[in-house]
1. For the range 37-49, state whether one or more residues are under 24 Å from residue 238 (Cα atoms) and assigned to a helix (DSSP H, G or I).
2. Quick one: is residue 171 exposed (fewer than 12 other Cβ atoms within 10 Å of the Cβ), out of contact with any strand residue (DSSP E or B) (no Cβ under 8 Å at 6 or more places or on another chain) and within 28 Å of residue 114 (Cα to Cα)?
3. Which one of these does residue 221 not meet: (1) over 27 Å from residue 62 (Cα atoms); (2) surrounded by 20 or more Cβ atoms within 10 Å (Cβ to Cβ)?
4. For residues that are out of contact with any strand residue (DSSP E or B) (no Cβ under 8 Å at 6 or more places or on another chain) and in a loop (DSSP other than H, G, I, E, B), scanning just the range 3-28, find the one that is surrounded by the most Cβ atoms within 10 Å (Cβ to Cβ).
5. When residues of the range 203-214 are filtered for being farther than 14 Å from residue 150 by Cα and assigned to a helix (DSSP H, G or I), how many remain?
6. State all residues of the range 182-191 that are loosely packed, with under 13 Cβ neighbours inside 10 Å and in a helix (DSSP H, G or I); if no residue qualifies, say none.
7. Among residues belonging to the range 60-98 that are more than 16 Å from the chain's Cα centre (by Cα) and free of Cβ contacts under 8 Å to residues at least 40 places away in the same chain, point out the one that is nearest to residue 232 (Cα to Cα).
8. Might you let me know whether the range 55-66 holds any residue that is over 12 Å from residue 4 (Cβ atoms), crowded, with 20+ Cβ neighbours inside 10 Å, modelled with pLDDT of 95 or more and in contact with a helix residue (DSSP H, G or I) (Cβ under 6 Å, 6 or more places away or on another chain)?
């Protein structure tokens with residue numbers, strides 16, 4: 001058996017979801033019907049992925065998981081408040097990918113859905129290697145997990161030409177690392193209260209794309225590793241759960 005990933009699509013309003021599938025911090029969702037046209041666009045993306053896969057994702061995770069085959073559930077839902085458009089949750093130790101179609105149009109799914117899907121599949125494939133982070137003891141460790149988990153997922157699911165990251169977007173890296181360094185210092189400080197620390201973790205991976213300093217710093221680190229060491233370097237980073245700063 002060779003490494004492969006297959007996705008199965010179901011749909012359900014957010015009001016009917018198991019609470020474990022809602023994004024962290026979301027305690028209520030409304031009953032909004034899933035739009036049929038947007039759902040069909042998502043189904044087309046999933047059909048494309050199941051038929052073609054993704055060369056980079058396979059290149060990296062076939063080395064991490066050897067000959068294992070994965071079947072992930074993708075749930076199309078609606079009624080989760082903004083800004084949550086897609087996320088991966090764990091239900092019964094199994095990763096589940098969710099698309100909140102009330103945040104998408106049919107045209108947006110058709111244009112941007114595949115990179116987001118690759119992003120979420122990456123989270124699913126990282127769930128086992130990152131299991132050691134499940135019981136976090138400190139805020140700095142939680143931020144480190146964001147850098148690793150989101151950095152890899154953002155690189156694989158980058159909505160553009162991945163090679164352009166270190167050429168056309170390099171200015172974004174230094175800015176993100178500067179914000180990350182400040183956040184690391186605050187998260188380790190005893191004088192900063194828990195509310196501010198929670199807000200820092202939220203901003204590290206939520207909001208305007210280039211302002212998510214934890215995810216974006218991690219993405220550039222992965223891009224640099226891939227450029228200099230190829231997929232073997234990224235595999236090693238996953239196995240060691242370490243993305244060194246290398247600007």
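1. There is at least one residue in the range 37-49 that is under 24 Å from residue 238 (Cα atoms) and assigned to a helix (DSSP H, G or I).
2. Against the criterion (exposed (fewer than 12 other Cβ atoms within 10 Å of the Cβ), out of contact with any strand residue (DSSP E or B) (no Cβ under 8 Å at 6 or more places or on another chain) and within 28 Å of residue 114 (Cα to Cα)), residue 171 qualifies.
3. That leaves (1) as the condition not met.
4. 26
5. 0
6. Residues satisfying the conditions are 182, 185.
7. 93
8. Yes: the range 55-66 contains one or more residues that are over 12 Å from residue 4 (Cβ atoms), crowded, with 20+ Cβ neighbours inside 10 Å, modelled with pLDDT of 95 or more and in contact with a helix residue (DSSP H, G or I) (Cβ under 6 Å, 6 or more places away or on another chain).
The values are calculated or read from the model by the stated rules, or taken from the named source; none is laboratory data. Since we're looking at a predicted model, the values are computed, not measured. Neighbour counts run over all protein chains shown; Cβ positions are idealised from the backbone, glycine included.
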